[in-house]
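**Q** My questions all concern the structure below.
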Amino acid sequence: MSSHPDSESSGASTALPIHIQGLTKKYGQMFALDSVDLEVKSGEFLTLLGPSGSGKTTLLMAIAGFNRPDAGSIRFGETEVILTPPHQRNVGMVFQSYALFPHMSVAENIAFPLKLRGIAAAETAQRVEAALTTVQLDGLGDRDIEQLSGGQRQRVALARAFVFRPRILLMDEPLSALDKKLREQMQIELKHLHEQLGVTTVYVTHDQREALTMSDRIVVINHGKLTQIDTPHNIYNHPANAFVADFIGESTMLPLEHDGSGKLFFQDHLVETDFKTDAARNWSLVIRPERLFMADKKAVDSEKAIVFSGVVRDFVFQGETAFALMSINDKYDLAFRFGTDSSSSQNILQAGDQVSLGLNRSDVIIIPQGDDS
Amino acid sequence: MSASTASKTEGINEKLLRIQGIREQRLLLSLATPAVLAIVAIIVIPVGWLFYLSFTGSNGHLSLENYQRMIEYKSYARVFVTTFQVSILTTLICILIGYPLAYFLAMLPQRLAGFFMLAVLLPFWTSLLVRTYAWLVLLQKNGILNDFAMSVGLWDTPVKLVHNLTGTLIGMAHIMLPFLVLPLYGSMRKIQRDLMHAAANLGASPVQSFWKIYFPLSMSGMVAGSLIVFVLCLGFYVTPAVLGGGRVVMVATQITAILENQYNWGAASALGVVLLIATLVILYAATKLMKLDAALFGKH
């Protein structure tokens, strides 16, 4: 968003870290949160990423104070808040439904938290104006909520969530109701806004691309447990297990065989020569479709790359990229994605074509089989 | 742009499509005919007849005597005052009982709310007369309520709970309650729970959330329900007649009395006309006020 020099950036709101320990929430026999430990660093943009029912929203709602966990501790800085009612937690929140008050104008919505805090009318008006400028809605303060587009409502919800300078900002899939183009634009804007406000932000989404775009760190959550916590780069390049590899980005997983002497094979391809970890487990090779390249089998140095050969089973043109499935021995389908420049012969693949695909050894990802590790 | 330039010449099947459109409109209109005829037969003609009768004097000629009488005799004014007093009080009692009830129902999970709603609606489906006489049994001097109250020592001598304003209000409030609760419940159900979460998140205590968010958003249902109750009360006959025991004379009771005692259709019609016009004026004023509400509280 625009770098309007409003008072938000004057440092009046210092960010707070969040410490979560042993947080557990059961619905009947099912664990929505299973003894979750999480440290959210001061000022970082942390995304909770997981499929629906994974517990990510339950975790966010517990931080906001809207549900009562069965056990655990949540601290904002040094303050324990597990028993603090939501209206005393002083965290900003953007709801999936925006939750704008329909009987108030845009400005009244944004002024609501300021009035509750007894801030004088003049300062309230000034801060509402500044917040509107920050979200690029100057001059729309008098509008009714119903007169706004989805994108504008989203911005009002955002302005209302940070106008009272909370030290923690929570967002529950705030962009899910927007169309793709606007969503991608808002992702960048939200990222800039976060940099501008410097507030500790916990963001919930089921959209892995959104998570990769915006986050300092991503928490992958599944069945109420935190599966992996890392930077977008590491989550994508070094997924901890099959669930993460599958949920984030596209991937093909091929089973590996261990020969007992530290060598891992996929069929007759030597994948790894010096594998030291637990030999009793089963391992998989994860291949990102865009890391594969068309290869001439004889020209490739087998020290540097592995070459898979097979038959094209499907080929689809998708605009900026094309996507193909290559069948290996009619048993494994290898997903393959490549750019679509006009000159490339890659554009004219057809089902039934014989192809060889290369994978650089530096792009090899090996994970244990099964979702839990 | 390109479509408007092509309008000179007739497009393919343009005429046929236009004819089909007109035919569909006529079909829809013909579907509404029975209802229109029914309204004319049941409402327009009788009300017109009512107006005509009210302007007919005892000699059979056009006259204003029925209206003059209403101004001259104080008893008529008293009847109207009683009618409005009872209607306003009944509406207020319904709001006081109905708002918490509707709120309770709206807070329940849908299925449980359906069950309790049935409890609200069940009396609604039994005969008005039965319910009114049931109240008579409960409230009379040696009735269940008095017996119980005296046995637990709430009061020593029987309290007069019926054949007066108290009895009338108890009976009417009971009968009118669903008319308030239903629209109120409807508007409360429409209030997203996220809004209350948002209010709390922004720093509003539960009491503040209620008065600043929930209450204004439930206003539309409350105004609609109150209007229905009030207007129904204005013309209510059975319950005030039975539970008022002749001491609470409302317009409808008075109309019956005039017809039974004097067989004066003109006088009775004039009362009906005044009540009808008063009701319409109130409805009109209320919708104007609702617009004011819309300006104050938003369009909900």
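**Q** In the stretch A:125-152, how many residues are part of a loop (DSSP other than H, G, I, E, B) and either crowded, with 17+ Cβ neighbours inside 10 Å or polar (S, T, N, Q) (or both)? Break it down into steps so the answer makes sense when it comes.
**A** At the first step, the residues of the stretch A:125-152 found to be part of a loop (DSSP other than H, G, I, E, B) are A:135-143, A:148-149.
Those left that are additionally either crowded, with 17+ Cβ neighbours inside 10 Å or polar (S, T, N, Q) (or both): A:135-137, A:140-141, A:148-149.
The total comes to 7.
**Q** Considering only the stretch B:206-265, how many residues are more than 14 Å from every other protein chain (Cβ to nearest Cβ) and either of a type in the set (Ser, Thr, Tyr) or in a helix (DSSP H, G or I) (or both)?
**A** Initially, the stretch B:206-265 is screened for residues more than 14 Å from every other protein chain (Cβ to nearest Cβ), giving B:224-265.
Those left that are additionally either of a type in the set (Ser, Thr, Tyr) or in a helix (DSSP H, G or I) (or both): B:224-234, B:237-244, B:251-263, B:265.
Here the count works out to 33.
**Q** Counting only residues that are in contact (Cβ under 8 Å) with a residue 40 or more places away in the chain and under 18 Å from A:His103 (Cα atoms), which one in the stretch B:178-189 is farthest from the other protein chains (Cβ to nearest Cβ)?
**A** Step one: list which residues in the stretch B:178-189 are in contact (Cβ under 8 Å) with a residue 40 or more places away in the chain, which gives B:178-185, B:187-189.
Now drop any that are not under 18 Å from A:His103 (Cα atoms), which leaves B:184, B:187-189.
Working: B:Leu184: 16, B:Ser187: 12, B:Met188: 14, B:Arg189: 15 Å.
If we take residues in the stretch B:178-189 being in contact (Cβ under 8 Å) with a residue 40 or more places away in the chain and under 18 Å from A:His103 (Cα atoms), then B:Leu184 is farthest from the other protein chains (Cβ to nearest Cβ).
**Q** Filter the stretch B:70-84 down to residues that are touching a residue at least 40 places away in the same chain (Cβ under 8 Å) and exposed (fewer than 15 other Cβ atoms within 10 Å of the Cβ), then give me how many there are. Steps first, please.
**A** Going through the stretch B:70-84, the residues touching a residue at least 40 places away in the same chain (Cβ under 8 Å) turn out to be B:70, B:76, B:78-80, B:82-84.
The next check asks that each one be exposed (fewer than 15 other Cβ atoms within 10 Å of the Cβ); those that pass are B:78.
Counting residues in the stretch B:70-84 that are touching a residue at least 40 places away in the same chain (Cβ under 8 Å) and exposed (fewer than 15 other Cβ atoms within 10 Å of the Cβ) gives 1.
**Q** Can you find a residue that is in contact (Cβ under 8 Å) with a residue 24 or more places away in the chain and either out of contact with any strand residue (DSSP E or B) (no Cβ under 9 Å at 6 or more places or on another chain) or not assigned by TED's automatic domain parsing to the domain that holds A:Val91 (or both) anywhere in the stretch A:201-212? It would help to see each step written out before you state the result.
**A** Quick first cut of the stretch A:201-212, residues in contact (Cβ under 8 Å) with a residue 24 or more places away in the chain only: A:201-208, A:210-212.
Restricting the remaining residues to those that are either out of contact with any strand residue (DSSP E or B) (no Cβ under 9 Å at 6 or more places or on another chain) or not assigned by TED's automatic domain parsing to the domain that holds A:Val91 (or both) gives none.
Looking for residues that are in contact (Cβ under 8 Å) with a residue 24 or more places away in the chain and either out of contact with any strand residue (DSSP E or B) (no Cβ under 9 Å at 6 or more places or on another chain) or not assigned by TED's automatic domain parsing to the domain that holds A:Val91 (or both), one finds none in the stretch A:201-212, hence no.
**Q** A further question on this structure: For residues that are in a loop (DSSP other than H, G, I, E, B) and either loosely packed, with under 15 Cβ neighbours inside 10 Å or of a type in the set (Phe, Trp, Tyr) (or both), tally how many sit in the stretch A:268-298. Can you show your working first?
**A** In the first step, residues of the stretch A:268-298 are kept if they are in a loop (DSSP other than H, G, I, E, B); the result is A:268, A:273-282, A:288, A:295-298.
Filter again for either loosely packed, with under 15 Cβ neighbours inside 10 Å or of a type in the set (Phe, Trp, Tyr) (or both), leaving A:268, A:273-282, A:296-298.
The number of residues fulfilling the criteria is 14.
**Q** If you take the residues in the stretch A:184-196 that are surrounded by 15 or more Cβ atoms within 10 Å (Cβ to Cβ) and polar (S, T, N, Q), which one is farthest from the chain's Cα centre (by Cα)?
**A** Selected residue: A:Gln196.
**Q** Tell me whether the stretch B:56-63 contains one or more residues that are among the aliphatic types (A, V, I, L, M) and assigned by TED's automatic domain parsing to the domain that holds B:Val207.
**A** no
**Q** Checking B:Val137 against (1) of a type outside the set (Phe, Trp, Tyr); (2) surrounded by 15 or more Cβ atoms within 10 Å (Cβ to Cβ); (3) more than 14 Å from chain A (Cβ to nearest Cβ), only one condition comes out false. Which one?
**A** (2) is the only condition that B:Val137 fails.
Residue-wise test of (1) away from every other protein chain (no Cβ under 13 Å); (2) farther than 20 Å from A:Leu197 by Cβ; (3) in contact with a strand residue (DSSP E or B) (Cβ under 8 Å, 6 or more places away or on another chain).
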residue: A:Phe66; (1), (2), (3): no, yes, no
residue: A:Gly72; (1), (2), (3): yes, yes, yes
residue: A:Glu80; (1), (2), (3): yes, yes, yes
residue: A:His103; (1), (2), (3): no, yes, no
residue: A:Ala120; (1), (2), (3): yes, yes, no
residue: A:Glu123; (1), (2), (3): yes, no, no
residue: A:Thr133; (1), (2), (3): yes, no, no
residue: A:Glu146; (1), (2), (3): no, yes, no
residue: A:Arg155; (1), (2), (3): yes, no, no
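**Q** If the requirement is being at pLDDT below 95 and within 14 Å of another protein chain (Cβ to nearest Cβ), which of these qualifies: A:Glu189, A:Glu173? Walk me through it before giving the result.
**A** Details: A:Glu189 fails: within 14 Å of another protein chain (Cβ to nearest Cβ).
The match here is A:Glu173.
**Q** In the set A:Ala99, A:Ala107, A:Ala122, which member is among the hydrophobic types (A, V, I, L, M, F, W, C), in a helix (DSSP H, G or I) and crowded, with 17+ Cβ neighbours inside 10 Å? Talk me through it step by step, then tell me what you get.
**A** Working: A:Ala99 fails: in a helix (DSSP H, G or I); A:Ala122 fails: crowded, with 17+ Cβ neighbours inside 10 Å.
From the options A:Ala99, A:Ala107, A:Ala122, the qualifying one is A:Ala107.
**Q** Related question: Only residues that are crowded, with 21+ Cβ neighbours inside 10 Å and assigned to a loop (DSSP other than H, G, I, E, B): list them for the stretch A:52-65, please.
**A** Across the stretch A:52-65, the qualifying residues are A:Ser54, A:Gly55, A:Gly65.
**Q** I need the full set of residues from the stretch A:90-117 which are basic (Lys, Arg) and out of contact with any helix residue (DSSP H, G or I) (no Cβ under 7 Å at 6 or more places or on another chain), in order please.
**A** Residues of the stretch A:90-117 basic (Lys, Arg): A:115, A:117.
Once the filter is applied, which keeps residues that are basic (Lys, Arg) and out of contact with any helix residue (DSSP H, G or I) (no Cβ under 7 Å at 6 or more places or on another chain), the stretch A:90-117 yields only A:Arg117.
**Q** Looking only at the stretch B:127-157, filter to residues that are modelled with pLDDT of 85 or more and β-branched (Val, Ile, Thr); which one of those is nearest to B:Val181 (Cα to Cα)?
**A** B:Thr132
**Q** I'm told A:Asp371 meets every condition in (1) closer than 23 Å to A:Ala240 by Cα; (2) surrounded by 11 or more Cβ atoms within 10 Å (Cβ to Cβ); (3) modelled with pLDDT of 85 or more except one. Can you identify the failing condition by its number?
**A** (3)
**Q** Do you know which residues across the stretch A:174-183 are surrounded by fewer than 21 Cβ atoms within 10 Å (Cβ to Cβ) and either within 13 Å of the chain's Cα centre (by Cα) or touching a residue at least 40 places away in the same chain (Cβ under 8 Å) (or both)?
**A** Answer for the stretch A:174-183, where residues must be surrounded by fewer than 21 Cβ atoms within 10 Å (Cβ to Cβ) and either within 13 Å of the chain's Cα centre (by Cα) or touching a residue at least 40 places away in the same chain (Cβ under 8 Å) (or both): A:Ser176, A:Ala177.
**Q** Out of A:Val202, A:Val219, report the one residue that is among the aliphatic types (A, V, I, L, M), crowded, with 20+ Cβ neighbours inside 10 Å and more than 10 Å from the chain's Cα centre (by Cα). Let's see the steps before the verdict.
**A** Details: A:Val219 fails: more than 10 Å from the chain's Cα centre (by Cα).
Criteria check complete, one pass: A:Val202.
**Q** Then there is this: Regarding A:Val128, is this residue assigned by TED's automatic domain parsing to the domain that holds A:Arg209 and modelled with pLDDT of 95 or more? Give the derivation first.
**A** Numbers: assigned by TED's automatic domain parsing to the domain that holds A:Arg209: yes; modelled with pLDDT of 95 or more: yes.
Criteria met by A:Val128.
**Q** Sort through B:Ala199, B:Ala268, B:Ala278 and tell me the only one that's within 14 Å of another protein chain (Cβ to nearest Cβ) and not in a loop (DSSP other than H, G, I, E, B). Explain how you work it out, then say what you get.
**A** Values: B:Ala268 fails: within 14 Å of another protein chain (Cβ to nearest Cβ); B:Ala278 fails: within 14 Å of another protein chain (Cβ to nearest Cβ).
Of the residues listed, the single one that is within 14 Å of another protein chain (Cβ to nearest Cβ) and not in a loop (DSSP other than H, G, I, E, B) is B:Ala199.
The values are calculated or read from the model by the stated rules, or taken from the named source; none is laboratory data. This one's a predicted model, so the numbers in the text were calculated from it and none came from an experiment. In this analysis, Cβ positions are derived from the backbone assuming ideal geometry, glycine residues included, and neighbour counts consider all displayed protein chains.
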